[in-house]
1. Would you mind checking the tilt of helix 26-40 against the longest principal axis of the Cα atoms of the chain, expressed as 0 to 90 degrees and rounded to 10?
2. If R0 is 41 Å, what FRET efficiency do you get for Ser149 and Asp88 from their C-beta distance, rounded to 0.05?
3. Once you put a point 7 Å from the Cα of Lys41 and another 7 Å from the Cα of Thr14, both along the Cβ direction, what distance in nm separates them?
4. Pairwise over distinct Cα atoms, reciprocal of the mean inverse distance: report the Kirkwood radius of segment 151-196 in Å, one decimal place.
5. For the chain, find the longest principal axis of its Cα atoms and tell me its angle to the long axis of helix 203-213, 0 to 90°, nearest 10.
6. What are the radius of gyration and Dmax of the chain, computed over its Cα atoms and given in Å?
7. Can you give the FRET efficiency to the nearest 0.05 for Ile156 and Trp7, using r as the Cβ-Cβ distance and R₀ = 22 Å?
8. What is the P(r) of segment 1-112, as percent of Cα-Cα pairs per 5 Å bin from 0?
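Readers should treat all values here as calculations from the given coordinates under stated rules, not as data from a laboratory. Just so it is clear, the model here is predicted, and its values are computed rather than measured. Every residue, glycine as well, gets a Cβ built from its backbone with ideal geometry; the counts of neighbours run over all protein chains shown.
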Amino acid sequence: MTTKTAWFKTWFDTTYYHILYKHRNDEEAQHFMQQLIQYLKLNKTASILDLACGKGRHSVYLSSLGYQVTGLDLSKNSIAYASQFEEDNLKFAVHDMRETYPYQFDAVFNLFTSFGYFNDDNDNLKTIQAVHNELKSNGVAVFDFLNASKARENLIAEETKVVDGITFELTRRTDQKFIYKTIDFEDQGEHFSFKEQVRCLKLEHFKSYFEQVGFQLEAVFGDYDLSPFDVINSNRMIMIVRK
Ligand SMILES: C[S@@+](CC[C@H](N)C(=O)[O-])C[C@H]1O[C@@H](n2cnc3c(N)ncnc32)[C@H](O)[C@@H]1O
């Protein structure tokens, strides 16, 4: 029997993913981290797990503030890149977020819609349970998810983006469960086709996961300035939960 490799294992591991999204920059990541740190009032020596850290843009900044930071991601290439920044207080490793990492932290951050990729909804719950296991008692977790309601309302069906000389043709559609994106392009005479899918999870879905694992929902913000969440207008749905 052949098992098809899950899309999130391949697409996020390509250089093309990083080319297409290169505008998601360090400045935005640092601004968000400043707001979050101010809100959370973490102890200066706190340990932070950046779960699905990508190339480590949040991890690197958090470690520069003195926190003990671990960045985990499924993408071997992203972790290989991030590892060049390792310090005494900054470590990276390849890890699947559905499995419990065998250490506990004061805070776990899951940033920039690094959630809701799985076909099986049990994997979402498994991930939330793993985050719960990875926290010390009274630890805090942050889930920075897109506002799926607004994203669905404002879906751009077709879009062309030219980045670094590559023409990316993007299509988007939605059904009851997911927002789907296809990414097609040519590079050096070869055609490539990838997809992304993110589950349309609303606040009530997350509340159900949180309740099932024993998390207390403390606050919900709607953007990186930490304005209150509004289901019609907010771009983000940033949930702060306590163990
Ligand atoms: C949208 S990117 C965000 C990356 C990073 N947090 C940032 O803001 O730059 C999503 C990340 O989730 C990672 N990812 C996808 N599925 C994963 C899994 N099952 N376990 C761990 N990481 C995963 C991808 O490799 C990718 O780096």
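1. Value to nearest ten degrees: 30.
2. Using R0 = 41 Å, I get an efficiency of 0.45.
3. 4.7 nm
4. 11.5 Å
5. Approximately 50 degrees, to the nearest ten.
6. My reading of the Cα-based Rg and Dmax gives 17.7, 54 Å.
7. 0.65
8. Taking all Cα pairs of segment 1-112, the binned fractions are 2, 12, 22, 24, 19, 12, 6, 2, 1, 1, 0 percent.
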